[in-house]
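Heads up, the thing below is written out as structure tokens.
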Amino acid sequence: MNDPGDLPGSGAHPEDRARGLQSLLIEKELLSTDLVDEVVSKYEDDIGPMNGKQVVARAWRDSDYRERLLADSTATLEEEGLTGLDGVEIIVVENTEQLHNVMVCTLCSCFPWPVLGLPPTWYKQPGYRARMVKRPRETLREDFDLPLDEDVEIRVRDTSAEVRYMVLPQPPDGIEDISADKLPEYVTREAMIGVERLGDKHVSDL
Amino acid sequence: MTDQIAPLEAGTQVRVDHVDPDAYKRPPAYAEGAEGTVTAVRGEFIPPEHTTAEPLVAVQFAATDLWSDTDDQNQTIQVDIWADCLQEVSG
């Protein structure tokens, strides 16, 4: 295993390193500030978990959509312009009382970014990637405060470059009283990864 | 390289072959030699650094079949594996 001390620049804070790289690339005219701004704003405004939240909220209130989404996720998401990864499948998997899906990329950090945006830092770290595939029940309980009884099947989805996953969480109680435009606010990125469960909660808790 | 008899389909029992597939198609180390069930055919994809599309299938394993030091009877792992890294097993 690499000792991070051996790698060049390994002492520098990642942000400082990124800034240094950016300055150098701009100085050498290999990158423009406009392009950087455009990409940043795309990830802040257009791409992110808000897309996934819209999908989940719609699936909660529209059973035809939910069926189509689960039957052929990639095609259904494409209709809404929510792919952008050519030749990649995004498969939406449904969590229920008895089945809890959770995703991880053991090899690297593949993530369904068109619907969830950039992956959280913890998702990319070796600790999560090694523990979640082997000891998901323990990891969910200890690292995510999500205890699951032994009678709930935990299905770990090891995601890859070609096939990515997104969880359709169970809705919390009380969503019938929430208007359609507010419903996405009750969905979390963590629930769409599978490290949080909304079905055990009430909307008033969220 | 093993001969594939027929395209793998859901329900087939398979074993992850411990041969030396190329670096871009290697199944996860934890699955090497393990037996599982095909749960879905994902379709044809072009592997990295390859030019032709190949079939990829979803394989599901019980945790207890992958690791000897787990006793969680209700844990499964589903991984997408290139079809030519899988050998059909009978029974």
Inset, instruction - Considering only residues that are within 12 Å of chain A (Cβ to nearest Cβ) and either in contact (Cβ under 8 Å) with a residue 60 or more places away in the chain or closer than 12 Å to B:Val16 by Cα (or both), look in the stretch B:62-91 and name the one that is surrounded by the most Cβ atoms within 10 Å (Cβ to Cβ). - result: B:Ile81
Inset, instruction - Would you please name the residue that is farthest from the other protein chains (Cβ to nearest Cβ), looking only at residues in the stretch B:27-56 that are assigned to a loop (DSSP other than H, G, I, E, B) and at positive phi? - result: B:Gly33
Inset, instruction - Sort out for me the helices (runs of 4 or more DSSP H) sitting completely within the stretch A:72-155 that have 1 or more residues that are within 12 Å of another protein chain (Cβ to nearest Cβ). - result: A:73-79, A:126-134, A:136-144
Inset, instruction - Could you check B:Val59 against (1) away from chain A (no Cβ under 12 Å); (2) surrounded by 17 or more Cβ atoms within 10 Å (Cβ to Cβ); (3) of a type in the set (A, V, I, L, M) and say which number it fails? - result: (1)
Inset, instruction - Give the stretch A:156-184 a look and list any residue that's within 14 Å of chain B (Cβ to nearest Cβ) and assigned to a loop (DSSP other than H, G, I, E, B), or say none. - result: A:Thr159, A:Ser160, A:Ala161, A:Glu162
Inset, instruction - Note down all Cβ pairs under 7 Å where the first residue falls in the stretch B:14-32 and is over 17 Å from B:Val57 (Cβ atoms), the second is modelled with pLDDT of 85 or more and part of a loop (DSSP other than H, G, I, E, B), and they're at least six residues apart or on different chains. - result: B:His18/B:Glu32; B:His18/B:Gly33
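Rundown of residues vs (1) within 17 Å of the chain's Cα centre (by Cα); (2) free of Cβ contacts under 8 Å to residues at least 60 places away in the same chain, yes/no style:
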residue: A:Ser109; (1), (2): yes, yes
residue: A:Pro169; (1), (2): yes, no
residue: A:Asp177; (1), (2): no, yes
residue: A:Val187; (1), (2): yes, no
residue: A:Leu198; (1), (2): yes, yes
residue: A:Leu206; (1), (2): no, yes
Inset, instruction - Working only within the stretch B:40-56, note down all residues that are of a type in the set (Gly, Ala, Ser) and either under 13 Å from B:Asp22 (Cβ atoms) or surrounded by fewer than 13 Cβ atoms within 10 Å (Cβ to Cβ) (or both). - result: B:Ala53
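The values are calculated or read from the model by the stated rules, or taken from the named source; none is laboratory data. Small disclaimer: the values here were computed from a predicted structure and weren't measured. Glycine gets a Cβ as well: all are built from the backbone with ideal geometry, and neighbour counts include every protein chain shown.
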